[in-house]
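A.B. asks: What follows is a single structure, and I will ask about it in a moment.
Nothing in this text is a laboratory measurement; each read-out follows from the coordinates by a stated rule. Nothing here was measured: the structure is a model prediction, and the numbers come from that model. Cβ atoms come from the backbone with ideal geometry, glycine included; neighbour counts cover every protein chain shown.
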Ligand SMILES: C[S@@+](CC[C@H](N)C(=O)[O-])C[C@H]1O[C@@H](n2cnc3c(N)ncnc32)[C@H](O)[C@@H]1O
């Protein structure tokens, strides 16, 4: 069961993102793209809208290349957001499925892309509603920072993956418990959704305890944080005081450009407190 607090956190972040409420979110994650920080090979100053959208898609492409999918593979994305990843897999002929905690994300995707109709589930990563040994591959992009119980997610993945099935997980993780405290002083969790972000060593330990084989752990922060921080500063120049939601007003300074200062996301990355990780693992044969 999803707690009320967790549901509210997700609703506040994503459900009001329709121009009605939170212009910051609309600028941060333009509608034409996905809802992630992006994987940037380079970026210009100012960053163009196309670059922003391409970077978000590149993160998906990076994960697809790591998964090294076969055409016959049955694939699940956990936390699909706007679902562009699933559409792209279906268009390439893959047998793709998705699950998301927000009913609105499920409904919107089904309505816009009827080919997803029997392929989407509304549910939680911690209680994946699929039979055991069902999937060849599972991936999750920038959603695990919201999971309230990482261990339940990992055990569920193990259960529903076939033997030799792959799990690829990417998002930001703290580098230590001290780092977690430091980051929370600079990054507002209610604005960035870092409420449940995990410490990387805890995640790796949980994967090993659940008998996953960890193939590789990549740090891709250099291709994520500098450009994402730049984008944050760039869009903050387009914000006016009236678009900062009342309940987030204590973080007002976070929303506005402060030319003389580095953006907090870049600071916490440079200090070594956080990184953006790609964890590839496998259920043993
Ligand atoms: C930052 S968005 C990323 C969406 C997408 N993967 C992308 O890269 O565009 C996080 C997504 O995870 C979903 N989510 C959060 N907690 C979840 C949970 N416990 N189980 C399943 N999905 C969850 C949210 O509803 C949201 O769609």
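A.B. asks: Ranked highest first by average number of other Cβ atoms within 10 Å, how do 149-156, 48-55 line up?
C.D. replies: Going from most to least packed, we get 149-156, 48-55.
A.B. asks: Quick one: helix 49-67 against the long Cα principal axis of the chain, what's the angle to the nearest 10°, folded into 0 to 90?
C.D. replies: It works out to around 30 degrees.
A.B. asks: Roughly what angle does helix 200-209 make with the longest principal axis of the chain, taking Cα atoms, 0 to 90 degrees, to the nearest 10?
C.D. replies: Taking Cα atoms only, the helix is inclined about 10 degrees.
A.B. asks: Among 77-86, 157-166, 207-216, what's the highest-first ranking by average C-beta atoms within 10 angstrom per residue?
C.D. replies: Per-residue mean Cβ counts within 10 Å order the peptides as 77-86, 157-166, 207-216.
A.B. asks: How large is the helix-only mean residue ellipticity at 222 nm for the chain, computed as the sum of -39500 (n - 2.57) over DSSP H runs with n ≥ 4, divided by its residue count, in deg cm²/dmol to the nearest 500?
C.D. replies: -10500 deg cm²/dmol
A.B. asks: Now, a different point. Relative contact order, percent, of segment 4-282 when contacts are C-alpha pairs under 8 Å separated by at least 6 residues?
C.D. replies: 21 percent
A.B. asks: Would you mind putting 172-180, 135-143 in packing order, based on average other-beta-carbon counts within 10 Å, highest first?
C.D. replies: Highest to lowest by the protection proxy: 135-143, 172-180.
A.B. asks: Now for a different question. Run through the DSSP bridge list for segment 4-282 and note the antiparallel percent, rounded to the nearest 5.
C.D. replies: 45 percent
A.B. asks: Also, I was wondering about something else. In degrees, nearest 10, range 0 to 90: what is the angle between the Cα axis of helix 103-112 and the longest Cα principal axis of the chain?
C.D. replies: Its long axis makes an angle of about 80 degrees.
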